[in-house]
Amino acid sequence: MGFAIKDRWKRTMEYIRAIKALWENDPAGFEGEHISFPPIHLYPKPVQQPRLPILIGSGGPGLNNQYALRRVAEHCDGWIPCFLTPDEMKAEMNVLRGYCAEASRDFDKMDISIVMPAANLGVGEMFDSAGALDGTPQDAKRLIADYEAAGCHRMVVGLVDLTHENYVSVLTTAAKGLGLI
């Protein structure tokens, strides 16, 4: 992994520690390599206690997700990758489980989501930024069950860009297809 990527992760982890300090302490100060501030008061604090979960949204098919998973295990409360298959997700969960054990973190408390295009669930069109991603529709109930079995707690459904003209039909199509209405 190149220096620039490692440095970016180092800064990100420092930002996470600073945010945790602001959410959990009053007053909160922080001294780091990339961010520093004297003791200050931050209001309003998150209502959710002890604080909002911090999730890393990183990872996808064909990528080496190990660095992100290690950081999730060490510093975060969960992970949100994009477009992994249920089998890929299950394999990555095993890696995360091992990193959590190394970091003395409870894997079962991790908040795990997956981002999945509506097209793959058969409840919408493929969005432009999906690139070469296979958008073949699959049975939504089966796919959701497969992701749940793989360890996902939540699925974020990726929709086409909403406009004033299309938002009602796009949201209605997805909601009906998923059995929400």
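The values are calculated or read from the model by the stated rules, or taken from the named source; none is laboratory data. Being a predicted model, the structure only gives us computed values, none of them experimental. Here Cβ is always computed from backbone atoms with ideal geometry, including for glycine, and neighbour counts include all displayed protein chains. Note: areas computed on protein heavy atoms with side chains; ligands, DNA, RNA excluded. Shrake-Rupley method; radii C 1.70, N 1.55, O 1.52, S 1.80 Å.
Points worth noting:
- Matching entry among Lys90, Lys20, Lys10 (being touching a helix residue (DSSP H, G or I) at 6+ places or on another chain (Cβ under 8 Å) and basic (Lys, Arg)): Lys90
Table: residues versus (1) open to solvent by less than 40 Å² (accessible area, probe 1.4 Å); (2) within 29 Å of Cys152 (Cα to Cα).
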{"site": "Glu14", "(1), (2)": "yes, yes"}
{"site": "Ala18", "(1), (2)": "yes, yes"}
{"site": "Trp23", "(1), (2)": "no, yes"}
{"site": "Pro27", "(1), (2)": "no, no"}
{"site": "Ser36", "(1), (2)": "no, no"}
{"site": "Leu42", "(1), (2)": "no, no"}
{"site": "Ser58", "(1), (2)": "yes, yes"}
{"site": "Gln66", "(1), (2)": "no, yes"}
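- Within the range 165-176, residues that are open to solvent by less than 90 Å² (accessible area, probe 1.4 Å) have Cβ atoms under 9 Å from residues that are assigned to a helix (DSSP H, G or I) and modelled with pLDDT under 95 in these pairs: Val170/Ala118; Thr173/Ala118; Ala174/Ala118; Ala174/Leu121, counting only partners at least 6 apart in sequence or on another chain.
- Search result, residues across the range 138-161 that are more than 17 Å from the chain's Cα centre (by Cα) and open to solvent by 90 Å² or more (accessible area, probe 1.4 Å): Gln138, Asp139, Lys141, Arg142, Asp161
- Qualifying residue in the range 113-125 (condition: touching a residue at least 24 places away in the same chain (Cβ under 8 Å), more than 24 Å from Arg51 (Cα to Cα) and surrounded by fewer than 14 Cβ atoms within 10 Å (Cβ to Cβ)): no
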